[in-house]
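Below is one structure; the comments refer to it alone.
The values are calculated or read from the model by the stated rules, or taken from the named source; none is laboratory data. The shown structure was predicted, so the numbers you read here are calculated from the model rather than taken from an experiment. Here the Cβ positions follow ideal geometry from the backbone for every residue, glycine too, while neighbour counts run over all protein chains shown. Accessible surface is based on the protein model in full, side chains and every heavy atom, while ligands, DNA and RNA are left aside. Shrake-Rupley method; radii C 1.70, N 1.55, O 1.52, S 1.80 Å.
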Amino acid sequence: MEVEVPNYGMVKFSAVLFDLNGTLGEAGRVSKEVKELLRKLCERYTVVILSSDTFGTLGEEMEGLPVRIERVRDGVEKAKIAGTYSPYAAVGNGNNDVAMLEAAELAFCVIGPEGATVDALLASDIAVRDVKDAMEMLLDERKLVATLRR
């Protein structure tokens with residue numbers, strides 16, 4: 001995606017990186033709606049799921065989806081791997097997402113049922129109440145412009 005946002009600047013990225021727990025899913029489970037949005041995003045971007053897989057569901061939940069899976073131990077490793085996909089947009093909610101969010105061209109913080117850390121919120125450009133909101137913004141750049149313009 002490459003879009004000029006009035007009084008904000010150019011936003012350009014080719015990959016979208018997601019955290020799993022608390023971001024894409026709740027307690028390690030991902031809804032059918034979110035999986036369908038992931039499929040749509042994969043038509044436009046390289047989509048990567050970076051997760052420590054706390055609940056052990058990553059492989060099962062992403063089975064059959066055209067996404068890349070990157071298992072990570074911690075936020076340092078997550079940020080290092082994220083950097084290999086630069087320029088990227090990132091979507092997260094926790095302390096282990098902060099460095100990934102800070103380095104992103106565009107960062108979303110999901111404040112969902114599992115909450116979000118203050119540091120993740122401060123490292124983000126946009127806060128959303130549901131990951132589907134972030135995904136829909138990534139699929140329609142007019143929504144990004146409407147939110148980011150100054």
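Sort S124, S86, S52 by heavy-atom solvent-accessible area, probe 1.4 angstrom, most to least. Write out the running numbers ahead of the final one.
Details: S124 25, S86 75, S52 50 Å².
Largest accessible area first, the residues go S86, S52, S124.
Leaving out ligands, DNA and RNA but keeping every protein chain, what accessible area does R68 have, in Å² rounded to the nearest 10, with a 1.4 Å probe?
About 130 Å², ignoring ligands and nucleic acids.
Only four residue types carry charge here, +1 at the Cβ of Lys and Arg and -1 at the Cβ of Asp and Glu. Report the dipole size of the range 8-115 about the Cα centre in Debye, rounded to the nearest 20.
Dipole size: approximately 320 debye.
May I have the count of lysine pairs in the range 7-150 with C-alpha atoms under 25 Å apart, counting pairs 8 or more residues apart or located on different chains?
17
Assuming R0 = 41 Å, can you tell me the calculated FRET efficiency for the pair A146 and E63, based on Cβ-Cβ distance, to the nearest 0.05?
On the way: r = 35 Å, r/R0 = 0.85.
Efficiency, rounded to the nearest 0.05: 0.70.
Per the 1.4 Å probe, what fraction of the accessible area of the chain, in percent, lies on carbon and sulfur atoms?
Values: 3390 of 7310 Å².
Looking at the chain in its full context, I get 46 percent from C and S.
For the chain, what is the accessible area per residue in Å², given a 1.4 Å probe and the full set of protein chains?
Working: 7310 Å² over 150 residues.
Spelled out: the 1.4 Å probe surface of the chain, per residue, equals 49 Å².
Just to be sure I understand, if you calculate log10 I(q)/I(0) by the Debye sum over Cα atoms at q = 0.13, 0.17, 0.20 Å⁻¹ for this structure, which of (1) -0.55, -0.97, -1.35; (2) -0.50, -0.88, -1.28; (3) -0.74, -1.14, -1.39 do you get?
The value matching this structure is (2).
Restricting to bridges with both residues inside the chain, how much of the DSSP beta-bridge set is antiparallel, in percent to the nearest 5?
Numbers: 6 of 26 bridges.
Antiparallel: roughly 25 percent of the beta bridges in the chain.
Note down the accessible area of T84, probe 1.4 Å, to the nearest 10 Å².
Its accessible surface works out to 110 Å², give or take rounding.
Can you sort I49, I81 by 1.4 Å-probe accessible area, starting with the largest? Walk me through the numbers before you get to the answer.
Numbers: I49 0, I81 35 Å².
Result, largest first: I81, I49.
Quick one: if you stick a label point 7 Å off each Cα along the C-beta vector at K40 and D130, how many nm between them?
1.2 nm
Return one number: the angle in degrees, 0 to 90 and rounded to the nearest 10, between the long axis of the Cα atoms of helix 32-42 and the longest principal axis of the Cα atoms of the chain.
Rounded to the nearest ten degrees, it is 60.
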